[in-house]
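One structure below.
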Amino acid sequence: MKHKTTRKQVPLDHISLKGLTLAPSQVLGGVRLVPVLRNEVRADLRLTRRPYDENIAAVQIDNKTAYYSYIPHAFVADWSFDGAPVAAYGTQIRAEKSQRTTDGKVHDLGFMKARVMQKMRAREDRNRLRFLPLDVSLEGFLSLHFGGPDVIWEEYSRAAIKNGLSPRSERTIPGRLIKGLEDALRVFEIHTDQVGSLVFVGDALASAFIVPHPDDYRAMHSTLLTDDYGELLYYYGLYAEENRLHPHEIDAERVQSLDDLRTEVARVRTDWADLHQLMSHNLLGCPVRPEMVYDMGPFQLQRFMTELDPKAENHIGEAIIRKNGTLEYLKSYRLSAAQCRRAFLLMQLAECNWSLDVCAAHLKCTRNELIFRLENAGFGYLLHQHVLEKAHSAIREDS
């Protein structure tokens, strides 16, 4: 993912929970939900869900690139430039003409319906933006060095030189297939000032979802079921058992008055927040690579990717940042180990100017081992067949 900077960009070097508090978690089976509370609720930015009913959607990225996916809904962001409260989209009293959407065209193909859109995000008014949640970040991940080799090295196939990594795809599963998640969302309490949740499956961070206003979260709480998750989390849900974590409980000997009780409750809540922060350390507080998506006046929509470490958890996502650094919106997706390996290899090749020899030396492996890793990662089609056969022959001889 390219790191773009502008003069007005808010530095998103890490995901900070400034102005937010993590409440004690709620556990059902292998699913743990950590409520995210906003300390000071402001109403100058609101998010609304706009549902889509089609089986598939196509988004035209540029003249040569299109993005295809099942897209259950879009988010519509409304904001004010002067900090004044705004109403969520769909609640304003406006003329019928202004309520019409411009989200492309719907085509009925008989066996399925498809929606065709022109952009991942579209400005619909002076202070309104429509964007496709999570697809913004997934498209950025798929387009990582999508153009392929910048130099015509002899090892690469003609198709790779001409078309780059096209087509490129990644597999995800919807949240409703994760065992226990639907029940957890249905029965768990929503706090008064709750604006989001951290979702853990088998005590592994699956996703983070934060919105600007508590009313927005209540309306979009169930969208966690239609979000994309990695296949690994599906298996975590099948085999995970309930894990009860117990930070230090209230010390009865310290409680002699109501003030003492308040102090003990505050300490326990702090212990819970520290524990959940530690469980999320591969996303929260972790260095990220940001990319500017859209300037929304007092806010900025950015997508990001954590520093790709093949030995650790890695996440991609998008965020809306207030220009004072406050996190207003966050949605993340945990990469699988295979997705991380693919992105890592692409980044190493690009940094080495797509030279196999230079990249192999950088990764401290042989050229043939690098070719084998590329093939296992699903990028064998980038190389000439005789290059692959020669590498396989050399590896067999070494064995």
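FYI, it's all coordinate maths here, none of it is from the lab. Just so it is clear, the model here is predicted, and its values are computed rather than measured. Neighbour counts are summed over all protein chains in view; Cβ atoms, including those assigned to glycine, are modelled from backbone coordinates with ideal geometry.
Things worth noting here:
- Total charge dipole magnitude, the range 355-398, about the Cα centre, Cβ charges on Lys, Arg, Asp, Glu only, Debye to nearest 20: 100 debye
- Mean-square fluctuations from a GNM of the chain, with a 10 angstrom spring cutoff on Cα atoms, peak among THR65, THR48, THR226 at THR65.
- When the helices of the chain are scored as -39500 (n - 2.57) per DSSP H run of n ≥ 4 and the total is divided over every residue, the value at 222 nm lands at -8000 deg cm²/dmol.
- Under 13 Å from the Cα of LYS162 - aspartates and glutamates, other chains or at least 8 residues apart: ASP150
- For the range 164-190 versus the range 129-158, the inter-centroid distance based on Cα atoms is 23 Å.
- Dividing the C-alpha radius of gyration of the range 355-398 by 2.2 N^0.38 Å, with N its residue count, gives 1.06.
- Links that overshoot a 26 Å alpha carbon limit, given the list LYS119/LYS179; LYS364/LYS390; LYS311/LYS364; LYS18/LYS331; LYS119/LYS331: LYS119/LYS179
- For the chain, the residue among PRO24, GLN194, TYR67 whose Cα projects farthest onto the positive side of the dipole built from Cβ charges is TYR67.
- For the chain, modelled as a GNM whose springs connect Cα atoms under 10 angstrom apart, the maximal fluctuation among GLU249, GLU375, GLU313 occurs at GLU249.
- Excluding same-chain neighbours fewer than eight residues apart, the aspartates and glutamates reachable from LYS323 by a Cα-Cα span under 12 Å are ASP295.
- Sparsely packed loop sites in the range 337-396 (the trypsin sites (Lys or Arg not before Pro) outside DSSP H, G, I, E and B with at most 16 other Cβ atoms within 10 Å) comprise LYS364.
- Counting Lys and Arg as +1 and Asp and Glu as -1 over every other residue whose Cβ lies under 10 Å from the Cβ of ARG254, the net charge comes to -3.
- Counting only Cβ charges, +1 for Lys and Arg and -1 for Asp and Glu, the dipole size of the chain around its Cα centre is about 1400 debye.
- Potential lengthening between ALA58 and SER166 on full extension [0.36 nm per residue; Cα-Cα distance subtracted]: 37.3 nm
- The stretch between LEU258 and THR270 holds 2.5 nm of extra length on full extension. This uses 0.36 nm per residue minus the Cα-Cα distance.
- Cysteines without a disulfide-compatible partner [the chain; Cβ-Cβ under 4.7 Å]: CYS286, CYS340, CYS365
- P(r), alpha carbons of the chain - 20 Å bins starting at zero, rounded %: 24, 53, 21, 2, 0
- Working from label points 7 Å from Cα in the Cα-to-Cβ sense, the GLN277 to GLU40 distance is 1.9 nm.
- With respect to the chain, whose longest principal axis is taken over its alpha-carbon atoms, helix 367-376 is tilted by about 60°.
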